[in-house]
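The values are calculated or read from the model by the stated rules, or taken from the named source; none is laboratory data. Remember, it's a predicted structure, so these values are computed and weren't measured experimentally. Note that we place each Cβ from the backbone using ideal geometry, even for glycine, and neighbour counts take in every protein chain shown. Keep in mind that these areas ignore ligands, DNA and RNA; they rest on the heavy atoms of the full protein, side chains included. Shrake-Rupley method; radii C 1.70, N 1.55, O 1.52, S 1.80 Å.
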Amino acid sequence: MKIRTVKDIELTGKKCLVRVDFNVPLKDGVVTDDTRIRAALPTLQYILGQKDTTLILMSHLGRPKGEVKKEFSLQQVKPKLEELLGKKVTMAPDCVGPEVKAVISSSAPGDVILLENLRFHSEETKNVSSFAEELATNGDVFINDAFGTAHRAHASTEGITHFLPSAGGFLIEKEVRFFEPLLSNPEKPFVAIVGGAKVSSKIGVLESLLNRSTTLIIAGGMAYTFLKVQGYTIGKSLFESDFVETAKEVLKKAEERGVEILLPVDHIGAEEFSADADAVIVESTDIPDNLMGMDIGPKTVTLFKNVIKKAKSLVWNGPMGVFEFETFSKGTIAIAESVAECSGTTVVGGGDSVAAVNKFGFADKIDHVSTGGGASLEYLEGKTLPGIAALEEK
Ligand code: AMP
């Protein structure tokens, strides 16, 4: 799939309505992490660099559930945006309606207007067509740069594309450029690493990767259900009895399709789930009754590293262990380091593995660190992302 990008549409003299993801964390009304605002800057600066353009930005913030709530006002984001853009930003009192029209019609080329939280209107998440049409009257062209909400058909992501010439910003363009080949024609060997807490939340991804990968590494809390199915003892580790059949099915399909499955062969265990718990090295695949698996062990790290090293393409979703607790973060750090060193094309998608590569300082050495948790998971599952499909070049 190829999408139209901001470079493919005429912007001169246009009011450019851009859907950004300014859903940033706040404390006492101040932005505490501006990563998402920074991520949007290349697209915003490109648009402002075109002749006589006006920038009209729209986003959601938190979950106000269709009600106007001060604590979710984008007014709080405005100072940080002004600082990063190096430009004055005009705050509109809403995202639709006559007052917004007045602000926009009194603007001049080069101006930046920030519309108020889209989710103050319940029609946004319900993708009500008349609301999308009203939003569309705020601009001449629509540019979507909010990958984090691209998996949802909302008025500002999908609905609006029925009413305006539309294209993707640089953020969305990069996500598509890295995810598409993994789904359509990944360079082999294609190594997929799936970790995280539960089998239940990763079934779709596992199924999809079974159709495409050369080697599928399964680790984190979800690995223990697989190990138990294979007849190993797992002590007090996470176990999802409802997913025993699913795990069996995954193993069977892998064998039928010639996909290599790698599971942990040793562990770092603990007697209790706590940051202060003592780390115990479990040298075998079997875990004794008094322990729970909290991280992968050193033999497993070596096993995984040897495969990661040879990957021509690689995707990683989900940590190897309870990386939030320092004692149990070593496996995730070692794998992050190994992914960073891999000379193939590397993609990290999914909330917690992204948090891990950022936290441990490897993000710069990875080809693509996705900006969308749920969206990247659905992309990897092979699902259609409505916000992206709407930008497809036909
Ligand atoms: P997910 O959102 O499904 O990718 O899961 C991420 C969560 O999985 C993190 O909060 C980790 O602490 C957790 N996790 C990873 N390994 C384990 C484990 N062995 N036992 C319990 N939780 C784990």
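In order along segment 11-20, the phi-based Karplus estimate (6.51 cos²θ - 1.76 cosθ + 1.60, θ = phi - 60°) of 3J(HN,Hα) comes to 10, 3, x, 9, 8, 9, 8, 10, 8, 10 Hz; Gly and Pro are listed as x. For residue 114, nonlocal amide neighbours, meaning residues 5 or more places apart or on other chains whose placed amide H falls under 5 Å from its own, are 57, 90, 91, 92. Taking Cβ atoms as reference points and 11 Å as the exclusive limit, the residues near residue 40 contribute a net charge of 0, counting Lys and Arg as +1 and Asp and Glu as -1. Comparing 240, 83, 173 in a Gaussian network model of the chain where C-alpha atoms under 10 Å apart are linked, the largest mean-square fluctuation is found at 83.
Each of 268, 311, 43 was placed along the dipole of the chain (beta-carbon charges, centred on the mean Cα), and the one lying farthest toward the positive end is 43. Taking θ as phi - 60° and the Karplus parameters 6.51, -1.76 and 1.60, the scalar couplings of segment 364-372 work out to 5, 9, 10, 4, 8, 10, 5, 9, x Hz in sequence order, x denoting glycine and proline. For residue 3, the residues whose modelled amide H falls within less than 5 Å of its own, excluding neighbours fewer than 5 places apart on the same chain, are 393.
In segment 6-170, what percentage of the DSSP-assigned beta bridges are antiparallel, given to the nearest 5? Intermediate results must be reported in sequence, preceding the final value.
Working: 2 of 19 bridges.
Restricted to segment 6-170, the bridges split so that about 10 percent are antiparallel.
In sequence order, segment 342-347 has phi-based couplings of 5, 7, x, 7, 10, 10 Hz under the Karplus curve 6.51 cos²θ - 1.76 cosθ + 1.60, θ = phi - 60°, and Gly or Pro positions carry x.
With only alpha-carbon pairs counted, each pair once and no self-pairs, how large is the Kirkwood hydrodynamic radius of segment 178-380 in angstroms? Mind showing how you got there, number by number?
On the way: mean 1/r = 0.0604 Å⁻¹.
16.6 Å is the Kirkwood radius here.
Here the peptides 40-46, 327-333 are ranked by packing, the mean other Cβ count within 10 Å, and the order with the highest first is 327-333, 40-46.
Dipole of segment 69-116, Cα-centred, from +1 at each Lys and Arg C-beta and -1 at each Asp and Glu C-beta, to the nearest 20 debye? Write out the running numbers ahead of the final one.
Working: 7 positive and 7 negative charges, 13 e Å.
It comes to approximately 60 debye.
Where only protein heavy atoms count, and the probe is 1.4 Å, what is the accessible area per residue for the chain in Å²? Don't skip to the answer; put the middle values down first.
Details: 16650 Å² over 394 residues.
It amounts to 42 Å² per residue over the chain.
Charged neighbours of residue 13, selected by a Cβ distance under 12 Å, balance to 0 (K, R count +1; D, E count -1).
Tell me, what % of the accessible area of segment 228-299 is carbon and sulfur with a 1.4 angstrom probe?
Values: 1930 of 4010 Å².
Percent of accessible area from carbon and sulfur atoms in segment 228-299: 48.
Against the chain, whose longest principal axis comes from its Cα atoms, helix 244-257 is set at around 90 degrees. Computed about its Cα centre, the charge dipole of the chain is approximately 880 debye, with only Lys, Arg, Asp and Glu carrying charge at their Cβ.
Run the dipole for segment 1-128 about the Cα centre, Lys and Arg Cβ at +1, Asp and Glu Cβ at -1, nothing else charged, and hand back the magnitude in debye, nearest 20.
Values: 21 positive and 17 negative charges, 61 e Å.
That gives segment 1-128 a dipole magnitude of about 300 debye.
Count the DSSP beta bridges whose two residues both fall in the chain, then state the antiparallel fraction as a percent rounded to the nearest 5. Bridges in the chain that DSSP calls antiparallel: roughly 20 percent. When the chain is treated as a Gaussian network with alpha carbon springs shorter than 10 Å, the biggest mean-square fluctuation among 82, 207, 123 belongs to 82. Sort out for me the Cα centre separation of segment 175-225 from segment 245-279, rounded to whole Å. A separation of 14 Å, based on Cα centres. Name the residue, out of 380, 17, 262, whose mean-square fluctuation peaks in a Gaussian network model built on the chain with Cα pairs under 10 Å. Greatest mean-square fluctuation among the candidates belongs to 262.
Which of the lysines could a cross-linker span from residue 228 if the Cα-Cα distance has to be under 22 Å and same-chain partners fewer than 8 positions apart are dropped? Filter leaves 198, 202, 236, 248, 252, 253, 299. Under 5 Å from the amide H of residue 262 lie the amide H atoms of 216, 217, 218, each residue being 5 or more positions distant or on a separate chain, with H modelled from the backbone and absent for Pro and chain starts.
Run down the lysines and flag those whose C-alpha is under 27 Å from the C-alpha of residue 87, throwing out any fewer than 8 positions away in its chain. Result set, ordered by chain and number: 7, 14, 15, 27, 51, 69, 70, 78, 101, 174.
Beta bridges from DSSP with both residues in segment 178-380: antiparallel share about 25 percent, rounded to the nearest 5.
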